Amino acid sequence: MNKMTTAEETNKTAWLGEFPPHWQVLRIKNLFREIDNRSESGAEELLSVSHYTGVTLKRESLENEDDHLTNAESLEGYKLVEPGDLVVNIMLAWNGSMGISPYKGITSPAYCVYRIREGNNPEYFGYLFTTALFKAEFRRNSTGIIDSRLRLYSDKFFSIFTVVPPKEEQDKIVEFIKAKEEKINLFIEKKKRLIELLKEQRQRVIDELLKINAETIRLKFCVTKVGSGITPRGGAEVYQDEGVIFLRSQNIHNEGLRLESVSFISEEINADMENSQVRFNDVLINLTGASIGRCQIYNFDAPANVNQHVCIIRPIPDVINSEFLMLQIQSDRIQTLINTVEGASREGLTIDEIKNFVLFIPPIDEQKIIISLIKNETTSIDITIAKAEREIELVREYKEAMIVEAVMGKGKEIKWT
């Protein structure tokens with residue numbers, strides 16, 4: 001492996017910035033080779049690739065028990081992956097959707113699998129290639145007009161230059177990052193546990209304030225709609241980068257709707273799915289899987305739809321306030337009922353079971369007073385939760401900056417000798 005010497009090559013690597021002068025700069029093709037071995041049976045462990053988690057076991061990412069590992073009829077012909085291989089989702093390489101696999105398994109034939117040449121540590125390049133610096137370069141080398149059409153093909157990937165520290169320095173950098181990650185992850189886990197305890201405390205406060213003497217009515221008598229959606233024909237293949245919001249169970253949380261990675265469908269598909277269109281102030285509840293019973297109000301002034309794992313509840317405004325309904329569904333009383341039903345059936349909630357929830361229905365004015373009391377009593381808890389969540393966000397930002405400095409040879413804490 002020889003260092004580059006031409007002015008043209010130097011211009012092409014200016015984006016790499018500063019790094020130790022004794023490091024090499026090589027094209028990726030000099031470090032990795034593409035592997036295209038195929039499964040004959042499709043029986044191997046199916047792997048998933050994400051910019052959040054790298055390469056993981058697909059079965060561990062399923063939100064619902066009745067979700068499928070894949071829409072494919074067979075996994076025969078899927079690409080074989082060995083531990084240490086670099087797996088790249090070529091459609092999302094620009095967003096860091098790649099990683100070094102710790103597993104032996106198979107992955108989508110649409111992905112690329114690369115194997116590092118001897119004398120290098122694949123984990124070093126796994127960290128390096130997911131930095132903002134390299135993601136930007138992957139975007140520049142991807143083919144396509146808009147994000148949803150970008151593809152980083154092998155020839156373009158191989159043409160990109162990368163820094164190459166000596167093997168012993170690659171090892172030290174990986175060792176340093178892993179040691180830091182272990183401490184960071186421990187900190188995050190402690191903060192997450194604190195947040196869970198605070199949420200439990202918050203729920204106890206709410207449950208106490210919901211202990212009221214009021215008329216009880218089954219849910220079906222105070223709403224105009226209880227119904228779930230469907231998966232659009234074509235499944236995930238019809239999802240878009242913009243359009244009508246398409247809510248799934250992973251978007252519905254008791255703390256609020258999480259739309260960071262929400263999917264979208266076209267207006268035409270939304271029109272075809274008229275029965276599951278969501279309106280402002282509808283209450284949404286998850287029907288199946290680990291997220292069963294999670295509940296939230298849709299309070300966005302934008303069209304939306306839901307899939308079959310989410311139920312729409314549309315309150316009668318003069319009878320029950322949407323927020324009051326949501327709080328009752330989130331209460332320990334109804335959540336215990338949901339868990340009992342789910343444990344017995346193993347199939348999740350049915351529409352009829354939701355319709356027969358027994359609710360306390362005081363007059364609308366009293367409902368609003370109770371909501372106000374709950375907000376007053378839980379404000380301090382919410383502030384503490386927000387502080388802990390911000391601390392997690394900050395330490396993640398630190399982690400990202402730490403990795404960038406380390407992989408570019410700027411980590412002052414790394415013991416090089």
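Structure notes:
- The set of residues in region 347-400 being of a type in the set (Ser, Thr, Tyr) and closer than 30 Å to residue 187 by Cβ consists of 378, 379, 380, 384, 398.
- Scope region 180-214; condition touching a residue at least 24 places away in the same chain (Cβ under 8 Å), basic (Lys, Arg) and under 16 Å from residue 391 (Cα atoms); matching residues: 191, 192
- Per-region count, region 31-53, residues in a strand (DSSP E or B) and among the β-branched types (Val, Ile, Thr): 2
- Wholly within region 272-343, strands (runs of 3 or more DSSP E) carrying at least 2 residues that are within 26 Å of residue 204 (Cβ to Cβ): 283-286, 295-297, 310-315
Quick grid of which residues meet (1) touching a residue at least 40 places away in the same chain (Cβ under 8 Å); (2) farther than 19 Å from residue 196 by Cα; (3) buried (at least 17 other Cβ atoms within 10 Å of the Cβ):
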| position | (1), (2), (3) |
| --- | --- |
| 335 | yes, no, yes |
| 358 | yes, yes, no |
| 376 | no, yes, no |
| 384 | yes, no, no |
| 398 | yes, yes, no |
| 406 | yes, yes, yes |
| 411 | yes, yes, yes |
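- The residue that is nearest to the chain's Cα centre (by Cα), among those in region 251-265 that are of a type in the set (Val, Ile, Thr) and assigned to a strand (DSSP E or B), is 252.
- Search result, residues across region 226-277 that are surrounded by fewer than 18 Cβ atoms within 10 Å (Cβ to Cβ), touching a Pro at 6+ places or on another chain (Cβ under 9 Å) and within 25 Å of residue 329 (Cα to Cα): 277
- For region 3-26, a residue qualifies if it is of a type in the set (S, T, N, Q) and modelled with pLDDT of 90 or more, and exactly one does: 24.
- Leading residue by the ranking (modelled with the lowest pLDDT) among those in region 112-154 that are of a type in the set (Gly, Ala, Ser) and in a helix (DSSP H, G or I): 148
- Reported count of residues in region 60-76, each being part of a helix (DSSP H, G or I) and either surrounded by 12 or more Cβ atoms within 10 Å (Cβ to Cβ) or modelled with pLDDT of 90 or more (or both), is 1.
- Residue in region 259-272 that is closer than 23 Å to residue 339 by Cα and in contact with a helix residue (DSSP H, G or I) (Cβ under 7 Å, 6 or more places away or on another chain) present: no
- Matching option when the condition is in a helix (DSSP H, G or I) and not assigned by TED's automatic domain parsing to the domain that holds residue 21, among 397, 413: 397
- So residue 268, is it assigned to a loop (DSSP other than H, G, I, E, B) and either without any contact (Cβ under 8 Å) to a residue 40 or more places away in the chain or under 18 Å from residue 325 (Cβ atoms) (or both): no
- Selected residue (only one of 167, 172, 79 is charged (D, E, K, R) and surrounded by fewer than 18 Cβ atoms within 10 Å (Cβ to Cβ)): 167
- Residue that is farthest from the chain's Cα centre (by Cα), among those in region 285-320 that are under 15 Å from residue 218 (Cα atoms) and surrounded by 20 or more Cβ atoms within 10 Å (Cβ to Cβ): 320
- When 148, 154, 101 are checked against the criterion of being in contact with an Asp or Glu (Cβ under 7 Å, 6 or more places away or on another chain), among the hydroxyl-bearing types (Ser, Thr, Tyr), exposed (fewer than 15 other Cβ atoms within 10 Å of the Cβ) and assigned by TED's automatic domain parsing to the domain that holds residue 18, a single residue qualifies: 148.
The values are calculated or read from the model by the stated rules, or taken from the named source; none is laboratory data. These numbers come from a predicted model, not from an experiment. As a convention, Cβ positions derive from the backbone with ideal geometry for all residues, glycine included, and neighbour counts pool all protein chains shown.
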